[in-house]
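The values are calculated or read from the model by the stated rules, or taken from the named source; none is laboratory data. Everything quoted here is computed from the prediction, not taken from an experiment. Positions of Cβ are backbone-derived with ideal geometry, glycine not excepted, and every protein chain shown enters the neighbour counts.
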Amino acid sequence: MTDKRRIFAVVLLAGLLRFPGLGSTPPGVYVDEALQGYNAYSLRLTGRDHYGQAWPVVTKLFGSYSSSLYTYFSVVPVGLMGLNPVSARISSAVSGILLVLLVSAALSPLTGLIIAVSPVFVYFSRGAFEANLGLLLLVAGIFASQKAVRRQAFLPWGFALLSLSAYAYHAERFLSLVFLGWFSWTARRAGLATRSIIISLALALIIQTPLLWLSVHPAVNTRLHELVIPGSPSQKVVAVVKSFGVYFSPDNLFSRPDPDIQRSFPDLGVFYWWMVIPFLAGIWHLFRSQPLSPKSRLMLILLFLSVIPGSLTRDYFASLRVLPAFFSVAWIISQGLSWLKVRPVWLGMFVILSLLELYSNMVLLQHERSSVWNYEYRELAGFIKRHPDLPVVIDSSRAKPVYILLAFYNRFPPLLFQSQYPSSWLKNYYSHPEFDPDIEVLNIHIRPISWAGDIYRDQLLIGDQLAISSAQAEEHFLELVAEFRDINGHPALTAYRTHPQSKCRATQSTPSSYCRDNIR
């Protein structure tokens, strides 16, 4: 089989693992996905995000700021397909497939195969993860910049892609600057024209200037400050060293899922168990191959630098933050397979086993984690849409920012949100990371339920079983009108209709002010 046919087969396999069931696996949408999709919807209709900011450099998230490039990449899919889980995720899925194509052509089809089937790359291609887009742009920028050593015309393209990657995800902000410096140095050593290097750096600086300017705003870095490891300087150093080693643990790489259950398949690690031996063989082969080739040196630099953003945070193991490091690990695995001269028939068997394991985990993902992905909120959104005239209170005591899920599914007019923020607030858009989860929109009030007053108003109360128990429903004469279940049919949310007159009649001895004023 020729390389072109191998590349086609690998890319086809990558597509089959990323596109089918994109809107239902994972089930539902999580709040960051809903925000990305709804902001793309708002930008398409009004040229502003849902806060009213025109084409923001970074997007206001729920108490912090997030990269905005993924949102811009989603504007066209949302315009073509409407606002739905597929249109919100397709930019990530396409990024994952293009990464496989790029790697297969630039490195080898075998490396592309490892990336095509590995759980970490499949998973992050099936959700609206901006880190997946960042990885594609970073790798494309690295390949183009490296190719510039032989073909000078690639240098501006490489530097432009590296700079764009900084707008896609936080880790790439750091990595793009490092590699811009690295390739400027290597280009100079390779004898590239000084004029070409200066022009490429100037282009990179022009692209990154808005982001660098915003980086001095403390509010924009709120999320980074929240994630930094606490403690004294010496304690931080010890914690960073320990955390750095965690990302090279075979247990974390090949066995244990990401601790954040919204960042991994239920029973799969970053890579498959059978990749352990090729990984170790790849490391052995690299250290025996002295001196290292420029490609090998670059891959190892990428590996160790990419772990730094994750090791500086307090999370034990955050696979999303170190995605470029796993790209290097995939390359090492492919090097080990080549050095071991694994026969195609054995490689095919391992791939088939991997696909079976992956399929079973996709099924588990649907049935074990539907509530984690807010599956029940789609049905809730439809229920609320059918009751536009009755006030609705949705308990927010434990829930995530519910309003963005309802806005996503019911396609609320963006002007509803934009009108809530004055022009003075928008002038300082990048200085307002604060977020209040309690919000009113249309007939919907999202806040904690107030048992002192809500039961005396004719409305719907919606919450989980901790928010509204059966005993409370009986005590306050609440009528169960709907249940919103997870994918397995288990109740996740309940909707109750209040009956203030019945409640008032039961409390005639100590009537509330509402009863005195409204019930005769």
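Numbers at a glance
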quantity: In the stretch 149-159, residue nearest to Leu177 (Cα to Cα) [restricted to those that are hydrophobic (A, V, I, L, M, F, W, C) and touching a Ser or Thr at 6+ places or on another chain (Cβ under 8 Å)]; calculated: Phe159
quantity: Filter pass, Ser200 being without any contact (Cβ under 8 Å) to a residue 40 or more places away in the chain, hydroxyl-bearing (Ser, Thr, Tyr), assigned to a helix (DSSP H, G or I) and buried (at least 24 other Cβ atoms within 10 Å of the Cβ); calculated: no
quantity: Filtered residue count, the stretch 339-391, keeping only those that are more than 30 Å from Thr111 (Cα to Cα) and not aliphatic (A, V, I, L, M); calculated: 20
quantity: Selection from the stretch 80-130 of residues that are assigned to a loop (DSSP other than H, G, I, E, B) and more than 19 Å from the chain's Cα centre (by Cα); calculated: Gly82, Leu107, Ser108
quantity: Boolean, Val329 is surrounded by 15 or more Cβ atoms within 10 Å (Cβ to Cβ), touching a Gly at 6+ places or on another chain (Cβ under 8 Å), in the same structural domain as Val276 (by TED's automatic domain parsing) and at pLDDT 95 or above; calculated: no
quantity: Some residue of the stretch 406-426 being aliphatic (A, V, I, L, M) and touching a Gly at 6+ places or on another chain (Cβ under 7 Å); calculated: yes
quantity: Of the criteria (1) surrounded by fewer than 22 Cβ atoms within 10 Å (Cβ to Cβ); (2) under 19 Å from the mean Cα position of the chain (by Cα); (3) under 24 Å from Asp436 (Cα atoms), which one Phe73 fails; calculated: (3)
quantity: Qualifying residue in the stretch 71-93 (condition: modelled with pLDDT under 95 and of a type in the set (A, V, I, L, M, F, W, C)); calculated: no
quantity: Set Leu340, Leu358, Leu298: member being more than 20 Å from Trp182 (Cβ to Cβ), crowded, with 16+ Cβ neighbours inside 10 Å and in contact (Cβ under 8 Å) with a residue 24 or more places away in the chain; calculated: Leu358
quantity: Any pair with Cβ under 8 angstrom, 6 or more apart, that starts in the stretch 36-56 at a residue that is within 17 Å of Gln420 (Cα to Cα) and ends at one that is aromatic (Phe, Trp, Tyr) and surrounded by 24 or more Cβ atoms within 10 Å (Cβ to Cβ); calculated: Tyr38/Phe408; His50/Tyr38
quantity: Whichever residue in the stretch 487-505 is of a type in the set (Gly, Ala, Ser) and not in a strand (DSSP E or B) and, among such residues, is surrounded by the most Cβ atoms within 10 Å (Cβ to Cβ); calculated: Ser502
quantity: Unmet criterion (only one of (1) surrounded by fewer than 23 Cβ atoms within 10 Å (Cβ to Cβ); (2) part of a loop (DSSP other than H, G, I, E, B)) for Ser66; calculated: (2)
quantity: Candidate set from the stretch 391-400 (those that are under 23 Å from the mean Cα position of the chain (by Cα) and surrounded by fewer than 18 Cβ atoms within 10 Å (Cβ to Cβ)); member that is farthest from Glu376 (Cα to Cα); calculated: Arg398
quantity: Selection count, the stretch 287-307, where residues are under 22 Å from Ser255 (Cα atoms) and either touching a Phe, Trp or Tyr at 6+ places or on another chain (Cβ under 7 Å) or small (Gly, Ala, Ser) (or both); calculated: 2
quantity: Unique residue being in contact (Cβ under 8 Å) with a residue 24 or more places away in the chain and either touching a His at 6+ places or on another chain (Cβ under 6 Å) or outside the structural domain of Phe183 (by TED's automatic domain parsing) (or both) when the list is Val103, Val120, Val78, Val139; calculated: Val78
quantity: Residue count, the stretch 381-400 (criterion: in a loop (DSSP other than H, G, I, E, B) and of a type in the set (A, V, I, L, M)); calculated: 2
quantity: Within the stretch 345-380, considering residues that are among the hydroxyl-bearing types (Ser, Thr, Tyr) and assigned to a helix (DSSP H, G or I), the one nearest to Pro85 (Cα to Cα); calculated: Tyr377
quantity: Residue match in the stretch 263-275 (condition: touching a strand residue (DSSP E or B) at 6+ places or on another chain (Cβ under 7 Å) and either modelled with pLDDT under 90 or assigned by TED's automatic domain parsing to the domain that holds Leu164 (or both)); calculated: no
quantity: Residue tally, condition buried (at least 20 other Cβ atoms within 10 Å of the Cβ) and either within 19 Å of Phe129 (Cβ to Cβ) or within 17 Å of the chain's Cα centre (by Cα) (or both), over the stretch 50-63; calculated: 3
quantity: Residue match in the stretch 100-110 (condition: at pLDDT 95 or above, of a type in the set (Ser, Thr, Tyr) and out of contact with any Gly (no Cβ under 7 Å at 6 or more places or on another chain)); calculated: yes
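Condition check ((1) free of Cβ contacts under 8 Å to residues at least 12 places away in the same chain; (2) closer than 29 Å to His217 by Cα; (3) not acidic (Asp, Glu)) across all residues:
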{"residue": "Glu379", "(1), (2), (3)": "no, no, no"}
{"residue": "Ser397", "(1), (2), (3)": "no, no, yes"}
{"residue": "Val402", "(1), (2), (3)": "no, yes, yes"}
{"residue": "Tyr409", "(1), (2), (3)": "no, no, yes"}
{"residue": "Phe412", "(1), (2), (3)": "no, no, yes"}
{"residue": "Tyr421", "(1), (2), (3)": "no, yes, yes"}
{"residue": "Tyr430", "(1), (2), (3)": "no, yes, yes"}
{"residue": "Ile444", "(1), (2), (3)": "no, no, yes"}
